[in-house]
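Structure first, commentary second.
The values are calculated or read from the model by the stated rules, or taken from the named source; none is laboratory data. Since we're looking at a predicted model, the values are computed, not measured. Don't worry about glycine lacking a Cβ; one is built from the backbone with ideal geometry, like all the others, and counts go over all protein chains shown.
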Amino acid sequence: MTLVATDLDEPSLQGLGMYVSLRGMSDAGHTHSQVANELFGKLESELVASFDADELVAYTSQRPRVTFLGDHFAGYQAPRLEIYLMTDELEQQFWLVTGVEPDLKWERVISELLRFIEAFNVSLVVSTASLPMPVPHTRPVGVTAHGNRKDLIENISTWSPTVESPAGLTSLLEIRLNDVSRDVVGYSLHTPHYLAESEYPAVAVAALEHVGAALKLALPTDNLREAGRLVDGQLAEQLENSTDVRQMVDGFEKRFDAHSQEHERRSLLLDEGESLPDAEELGTRVEDFLATIEDTEDWLNSTENGPLSGESE
């Protein structure tokens, strides 16, 4: 890791929170890019440190983008993994770790992050991910909360399974931070699996809301909310024109609502002791998802336009 900024010895930088958002396997709904665009588009930022992505990324695994302009290539988008000092809408500062999830040298990257976290006595590390799940887009975005800060995760999750899954850099970072008794939490948002390949603004809004509540930051979501309203309109039109899709979403809604009636969860946006009696509960299990894959693929292939076709906005 190479430090870019030179004025990092100010006492005001001690004890800030850190948000980790990486583009990797757990990025259903293109959450990372939407969050990054919103943060860098609205907030003041200063590049503090960067990693040598050329040593960390297997280019054949996640190929960078390049633009072809009729007769030549240009605009190569080199992979980046960087740390920024951000300032929220209320002039509060926090660290942002952003970029691509490394393919290689996870332990070395995490060691460098731990050194940074120790040097600046980071108060809390928060990460977000987005998982494709058999949930309806017509209900609030669900979440699986995890980490060692019980006050920030208890009764937050809409689904808390015991499963073995592929690891990510942020999950390993959470383990290593817990090993050294550093506060860490993560929020894995549930994206409707039929929208996993599209830009789904609602899940990006949910990510920023959870991070903002955990780190006590004022993070921008206005553009994402407006984009979400447009996507909702497109989805409503497609549902109206497809009986098969409507029936599938109806099935998700019934299971979702049945589950929500059996559980009650709280919101980080409410004061302690208050509860949120809503439908933000996962109304299905993984086996339900597997049972729907075949039917889902059939109607996904038959849908030509809009978010359900997998086209990004």
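A few comments on the model shown:
- Output for the stretch 157-186, where each listed residue is among the acidic types (Asp, Glu), surrounded by fewer than 17 Cβ atoms within 10 Å (Cβ to Cβ) and outside any loop (DSSP other than H, G, I, E, B): Asp179
- Every pair of residues 6+ apart whose Cβ atoms lie under 6 Å, when the first sits in the stretch 65-81 and is under 20 Å from Ala53 (Cβ atoms) and in contact (Cβ under 8 Å) with a residue 60 or more places away in the chain while the second is in a strand (DSSP E or B) and hydroxyl-bearing (Ser, Thr, Tyr): none
- Taking the stretch 1-45 as the range and being among the acidic types (Asp, Glu) and more than 22 Å from the chain's Cα centre (by Cα) as the test, the residues that pass are Asp7, Asp9, Glu10.
- Arg108 meets all of the listed conditions (1) free of Cβ contacts under 8 Å to residues at least 24 places away in the same chain; (2) in a strand (DSSP E or B); (3) not small (Gly, Ala, Ser) but one, namely (2).
- Check on Ala204, in contact with a Leu (Cβ under 9 Å, 6 or more places away or on another chain) and crowded, with 19+ Cβ neighbours inside 10 Å: yes
- The lone exception for His210 - which of (1) in a helix (DSSP H, G or I); (2) over 23 Å from Ile83 (Cβ atoms) it fails: (2)
- Exactly one residue out of Asp244, Asp232, Asp151 is among the acidic types (Asp, Glu), assigned to a helix (DSSP H, G or I), under 21 Å from Phe94 (Cα atoms) and out of contact with any Lys or Arg (no Cβ under 7 Å at 6 or more places or on another chain): that is Asp151.
- For the stretch 155-176, a residue qualifies if it is within 19 Å of the chain's Cα centre (by Cα) and touching a residue at least 60 places away in the same chain (Cβ under 8 Å), and the qualifying residues are Ile156, Ser157, Thr158, Trp159, Pro161, Pro166, Gly168, Leu169, Thr170, Leu172, Leu173.
- Scope the stretch 218-240; condition among the hydrophobic types (A, V, I, L, M, F, W, C) and free of Cβ contacts under 8 Å to residues at least 60 places away in the same chain; matching residues: Ala236, Leu239
- Any hit, the stretch 117-139, residues being assigned to a loop (DSSP other than H, G, I, E, B), closer than 16 Å to Gly212 by Cβ and of a type in the set (Lys, Arg): no
- Residue match in the stretch 67-88 (condition: touching a His at 6+ places or on another chain (Cβ under 9 Å), surrounded by 19 or more Cβ atoms within 10 Å (Cβ to Cβ), closer than 16 Å to Val211 by Cα and not hydroxyl-bearing (Ser, Thr, Tyr)): no
- Residue within the stretch 145-167 that is hydroxyl-bearing (Ser, Thr, Tyr), over 20 Å from His259 (Cα atoms) and at pLDDT below 95 present: yes
- A count restricted to the stretch 177-217 and to residues that are without any contact (Cβ under 8 Å) to a residue 60 or more places away in the chain and touching a strand residue (DSSP E or B) at 6+ places or on another chain (Cβ under 7 Å) stands at 1.
- If you go through the stretch 51-88 and keep only what is modelled with pLDDT of 95 or more, hydroxyl-bearing (Ser, Thr, Tyr) and either over 20 Å from Glu112 (Cβ atoms) or more than 21 Å from the chain's Cα centre (by Cα) (or both), you end up with Thr67, Tyr76, Thr87.
- Odd one out for Thr60, checked against (1) hydroxyl-bearing (Ser, Thr, Tyr); (2) over 22 Å from Gly186 (Cβ atoms); (3) in contact (Cβ under 8 Å) with a residue 60 or more places away in the chain; (4) not in a helix (DSSP H, G or I): (3)
Condition check ((1) touching a Leu at 6+ places or on another chain (Cβ under 7 Å); (2) surrounded by 15 or more Cβ atoms within 10 Å (Cβ to Cβ); (3) of a type in the set (S, T, N, Q)) across all residues:
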position	(1), (2), (3)
Thr6	no, no, yes
Gly17	yes, yes, no
Ser26	yes, yes, yes
His30	no, yes, no
Ser33	no, yes, yes
Glu44	no, no, no
Val57	no, yes, no
